[in-house]
Each structure stands twice: as structure tokens, then as C-alpha cells.
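Single-structure report; data block below.
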Amino acid sequence: MARSRLRPYHPARAWYPEPDSTTMTTHLFIVHFPVSLILAGVIIDLVGAAVGDSSARGWAGRLLIAGGFFAFLAFGTGEGAKFAALASQELDAQLLTRHEEWGSIGAWALLILAFLRAIWRNRFDGAHGWLNAGIGVVGAALVVVITLSGTLVRHGP
């Protein structure tokens, strides 16, 4: 009988696949997309607002929406990366927990911010224009906080 690749990690949890380098690598690959898309989107949005270029702000909105989508994908791959990191036993579990908490809060917040930006994507004047810029700045701040909490976690050998 073939040995199952499933094993319990914690008695209170269900069975999870045995971690390997793929689960960690997937998270590390995907997580760079929301960081770059959201930060680039905010910069383009602020420049577009400063010079009054609605085309630039439209592209910035697309980048922010895509960044919110990729943030949620990164959040989805985080659980596998967590178990791979715990199996390596080369990290501080407290730092990993802090990164997981910020990632959980941030992924949902970025998804909501992306949704709001999608709703207001063509409104660049008045209150909606400032809200659009504010959405981007809040999203960028979340990305920076999540990234900083992740750099404290050792990602491999």
C-alpha cells in the first residue's frame, strides 16, 4: 500500500499535504505581484491627479484592481507556505503569526479597496477623485506593512 502524503500537523487541525519547496515558492512568486502592481498604481494615480491626466488615472485604477486580485491569490497560497515554513523549523513562529495576521487583514482590505476602485473607476473629479487617490494610498500602506512583517520571516534555507 502506498504511503499517503497527508499527515497531521496539529491535533486541532485537519490533515494537510506534506509541505515541500513548491508550496513556499508559489507564495513567494505570487506575493510580488500585488506589491508591485499596487505601488506602481498609486504612483501613477498620484502623478495623474497632479497633472490632471484621466488616462493615467484609468491605468492606475486597473493596476490597483489587479493588485487587489493578486493580493487575494497571495493570501490563498499563504497557508501552504506557512506549513512549509513551520516544517523547516528555522523561523520564529511569533513573527510568522504576525505576518499571517497582517496578510489576512490586508488581503480582505485590498480586495474591498479594489472593488471600490472598480465601482468608481471613471470618477476622477470632486470627492470621488480624492477617494480614489485615498484608496490607493491606503492600499500602498497596507502592502508596505504586510511586506515589512514578511521580511522578518525567514523564507528558506
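Of the residues making up region 103-134, those that are buried (at least 22 other Cβ atoms within 10 Å of the Cβ), of a type outside the set (Gly, Ala, Ser) and at pLDDT 75 or above are Leu110, Leu113, Arg117. I need the full set of residues from region 82-100 which are at pLDDT 75 or above, under 19 Å from Ile30 (Cβ atoms) and either of a type in the set (A, V, I, L, M) or surrounded by fewer than 16 Cβ atoms within 10 Å (Cβ to Cβ) (or both), in order please. The answer is Leu96, and nothing else.
For Gly103, are the conditions met, namely being without any contact (Cβ under 8 Å) to a residue 24 or more places away in the chain, closer than 18 Å to Val143 by Cβ and outside any loop (DSSP other than H, G, I, E, B)? When the stated conditions are applied, Gly103 does not pass them. Considering only region 86-97, I want to know if a residue exists there that is under 17 Å from Val143 (Cβ atoms) and either assigned to a helix (DSSP H, G or I) or out of contact with any His (no Cβ under 9 Å at 6 or more places or on another chain) (or both). So far as region 86-97 goes, no, none of its residues is under 17 Å from Val143 (Cβ atoms) and either assigned to a helix (DSSP H, G or I) or out of contact with any His (no Cβ under 9 Å at 6 or more places or on another chain) (or both).
The values are calculated or read from the model by the stated rules, or taken from the named source; none is laboratory data. Nothing here was measured: the structure is a model prediction, and the numbers come from that model. Note that each Cβ is placed from the backbone with ideal geometry, even for glycine, and that neighbours are counted across all protein chains shown.
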